[in-house]
2 protein chains.
Amino acid sequence: MIIGHQARTTAEPGTGAPSTAELTDAEVDRLFRALADATRRDIVRRTLTSEATISELAGDYDMSFAAVQKHVTALEAAGLVVKESRGRERIVRGVPERIERIQDLLRGFEEIWRGRIGRMDALFAEDSPTTG
Amino acid sequence: MIIGHQARTTAEPGTGAPSTAELTDAEVDRLFRALADATRRDIVRRTLTSEATISELAGDYDMSFAAVQKHVTALEAAGLVVKESRGRERIVRGVPERIERIQDLLRGFEEIWRGRIGRMDALFAEDSPTTG
DNA sequence: TTGATATGCAACCAACTGGTTGTATGTTAG
DNA sequence: CTAACATACAACCAGTTGGTTGCATATCAA
């Protein structure tokens, strides 16, 4: 069906994480990979409800400060959180728009197979008049 | 907020991919990781619309048969596709329920921050009677 | 049986991940 | 200034990933 799927979307805007605009394959990769870790999912959940410093986050997981810091960096690269400097601290906040973006992506998948079902319905409709 | 987040759900049902039942952290990991690759996303898209053999899939990507085979194995382990034997061929089909499951997960995230907004609305409601 | 096709699987490899420790730098408190 | 705190970052390491090739096995076609 598709061979050059790695060059589907527009060029990379700079490996950053823009809020609007199409996502490149690499960005979608980063997005899903960032969520493929329970600690990172938990950090996202946490920072969606209330902001937290890296120290606060690090205090709640059974790993080093540096490890948590790297998780936050991965989430930031994926655009799932943003960091803001406040004095010597870094405030981490979840980015709901990014979650919605993933939902959009999956809705795309959903439409694909809904489309298949729709076609099946059409076939049934040719046989029986009231196939709901 | 949560420390023992790795032991939230029920025990693993056998590293398989059941259609119903709660997903363990490890299963969610596998699910997101499986989607963190453009080739695998493309295979899922393809097999959601129409089934395909491994050979057919392998023919469309610029990599070896074995590589595509491993991608399919990863997707199968994540429950995103199922394989069925038909003679010497293996028919690969996408599993829409699994996509829906991820949507459910993300909807959980959405509710978290919607909850925050809801609380903000409540605060505004105390000040002005017709906010929204 | 023979040959072509479709798959499965193991061994191998480079690159990446997810953790560690150590050190440097910037910021706040006395 | 000095000490404590918060962060950044580099180096290191074991395990995983994503690709390869080669070989074994099963099925289909003559």
Tell me the total accessible area that B and A bury against each other, 1.4 angstrom probe, in square angstrom rounded to 100.
4100
What accessible area per residue, rounded to a whole number of Å², is obtained for region B:23-127 using a probe radius of 1.4 Å?
47
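How much FRET efficiency would the formula 1/(1 + (r/R0)^6) give for A:PHE65 and B:ARG88, where r is the Cβ-Cβ distance and R0 is 45 Å, rounded to 0.05?
Efficiency computed from Cβ-Cβ geometry: 0.25.
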Go ahead and run the numbers for FRET between B:SER50 and A:GLU110, Cβ-Cβ distance against an R0 of 22 Å, rounding to 0.05.
0.85
Excluding residues fewer than 8 positions from A:LYS83 in its own chain, the lysines with Cα under 16 Å of it are A:LYS70
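The values are calculated or read from the model by the stated rules, or taken from the named source; none is laboratory data. Computed from a predicted model, the values in this text were never measured in an experiment. Here the Cβ is made from the backbone with ideal geometry for all residues, glycine too, and neighbour counts use every protein chain on show. The accessibility values were calculated without ligands, DNA or RNA, using every heavy atom of the protein model including side chains. Shrake-Rupley method; radii C 1.70, N 1.55, O 1.52, S 1.80 Å.
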